[in-house]
Amino acid sequence: MPVNGIQVCVETFGEATEAPLLLLAGDASPMDRWDDEFCRRLAAGNRFVIRYDHRDTGRSTSYPAGAHAYSGADLMDDAVGVLDALRVPAAHLVGFALGGALAQRIAVHHPSRVLSLTLIATSADTQGADPAPVPVGGPVPVVAGAVTGGVRTVEAAALPDPADPDTLLPDALLPGTPSPGPLLPGPLLPGPLLPGPLLPGASLPGVALPVLDGGPDPAPAGTDWSDRRAAVAGIVAELRDQGGPFTPDEPQLRRLAERIFDRSADLAATRLNHRLAGYGPPVRDLLGAIETPTVVLHGTLDRRFPAEHPRELARRIPGARLVWLDGIGHELPPRAVWNQVLTEILDLAA
């Protein structure tokens with residue numbers, strides 16, 4: 001699908017007559033990170049679900065390593081461009097990590113395009129100044145082969161039966177169950193120490209929040225991202241490192257990693273270029289202008305964005321609710337908390 005002068009691979013679930021819901025993936029991540037069944041269950045909740053490959057991921061336009069010629073602001077424009085191409089005037093936005101940062105930017109700069117915000121494993125502090133783009137070379141168009149017109153449509157599946165024990169959650173993970181608070185084993189990430197516990201709504205004037213460098217987590221040293229076996233092993237290692245006790249098992253992670261590799265033009269370029277692109281000019285101080293209903297979903301075991309980040313994000317967006325996902329790391333919500341996450345998204349987008 002042509003978007004902003006490039007090709008973007010888009011996939012939809014459900015009927016276009018339903019309320020539109022746009023899924024925004026994280027750093028250097030194609031749309032495959034959003035589980036197919038998760039998307040079908042969203043669609044079964046009377047939503048028109050849209051997911052897409054960021055530029056330089058999956059089957060969207062790919063650039064040579066270091067010659068990306070785009071910024072984080074362009075990634076935001078791509079998301080809006082997908083809505084334009086599908087003739088969707090406004091949508092519910094669900095963003096993970098980088099996708100959550102992009103959703104914040106869209107809500108600030110294009111408020112009329114946003115019906116609600118679900119921000120997962122992200123922060124108000126992810127946005128930094130863009131590095132200067134490297135004006136070398138040009139894009140290498142990569143168009144989805146089996147996807148007619150760049151868009152695939154998938155029918156919705158039935159919502160899970162609440163009485164089905166396979167879909168039930170442990171008591172500690174049921175929606176509405178109070179969280180015992182963030183569980184952060186081990187040392188905090190690099191950054192200034194924050195005095196005392198921070199309660200929801202606490203202010204952090206002038207304090208830089210501890211956070212890992214943007215972009216994908218480091219893979220095993222010397223990973224050859226052009227080699228399928230090595231790249232798959234590297235992706236699996238990252239996903240396990242970022243996750244928690246409910247992270248899918250290794251065979252499932254391996255299948256996902258293989259799919260990501262097989263749909264990517266150049267993983268090494270993807271990882272470098274997204275890191276160089278940055279997040280766009282900061283919008284942290286503009287979040288107070290957001291008027292759309294917002295929920296912040298955050299894992300208690302997220303080590304990339306410790307508990308200070310979601311608390312500050314929820315404080316800065318008027319009326320935002322912070323919901324803890326117990327036992328979840330810096331990862332797209334695993335199946336163990338799907339009921340909770342689906343309920344939050346669908347209730348907000350009602």
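Just so it is clear, none of the values below were taken in a lab; they were calculated from the coordinates. Fair warning: this is a prediction, and the values are worked out from it, not measured in the lab. Cβ coordinates were reconstructed from backbone atoms using ideal geometry, including for glycine residues, and neighbour counts include every protein chain displayed.
Annotations
- For E308: the one exception among (1) among the acidic types (D, E); (2) under 18 Å from V337 (Cβ atoms); (3) crowded, with 20+ Cβ neighbours inside 10 Å: (2)
- For the range 257-274, a residue qualifies if it is in a helix (DSSP H, G or I), touching a Pro at 6+ places or on another chain (Cβ under 9 Å) and surrounded by 19 or more Cβ atoms within 10 Å (Cβ to Cβ), and the qualifying residues are I260, A269, T270, R271, N273, H274.
- Breaking point among (1) in contact with a Cys (Cβ under 8 Å, 6 or more places away or on another chain); (2) without any contact (Cβ under 8 Å) to a residue 12 or more places away in the chain, for R87: (1)
- Scanning the range 243-256 for residues being touching a residue at least 24 places away in the same chain (Cβ under 8 Å) and either in contact with a Cys (Cβ under 7 Å, 6 or more places away or on another chain) or surrounded by 17 or more Cβ atoms within 10 Å (Cβ to Cβ) (or both) gives a total of 6.
- Test: residue in the range 58-67 that is touching a Leu at 6+ places or on another chain (Cβ under 7 Å), β-branched (V, I, T) and more than 20 Å from E238 (Cβ to Cβ): no
- All positions within the range 101-120 that are charged (D, E, K, R) and either under 21 Å from V341 (Cβ atoms) or under 14 Å from the mean Cα position of the chain (by Cα) (or both): R105
- Selection within the range 275-324 - farther than 22 Å from A73 by Cα and of a type in the set (D, E): D302, E308, E312
- Filter pass, R335 being farther than 18 Å from F38 by Cα and touching a residue at least 12 places away in the same chain (Cβ under 8 Å): no
- Residues located in the range 42-73, provided they are aliphatic (A, V, I, L, M), farther than 26 Å from H109 by Cα and surrounded by fewer than 24 Cβ atoms within 10 Å (Cβ to Cβ): A43, A44, A65, A67
- Number of the condition not met by A349 [criteria: (1) in contact with a His (Cβ under 6 Å, 6 or more places away or on another chain); (2) buried (at least 24 other Cβ atoms within 10 Å of the Cβ)]: (2)
- Odd one out for D285, checked against (1) surrounded by fewer than 24 Cβ atoms within 10 Å (Cβ to Cβ); (2) in contact with a Leu (Cβ under 8 Å, 6 or more places away or on another chain); (3) not in a loop (DSSP other than H, G, I, E, B): (2)
- Check on E312, in a loop (DSSP other than H, G, I, E, B) and either over 18 Å from the mean Cα position of the chain (by Cα) or touching a residue at least 60 places away in the same chain (Cβ under 8 Å) (or both): no
- Among the conditions (1) outside any helix (DSSP H, G or I); (2) under 14 Å from S29 (Cα atoms), L322 misses just one, which is (2).
- Wholly within the range 15-130, strands (runs of 3 or more DSSP E) carrying at least 2 residues that are within 28 Å of E312 (Cα to Cα): 19-24, 91-96, 114-120
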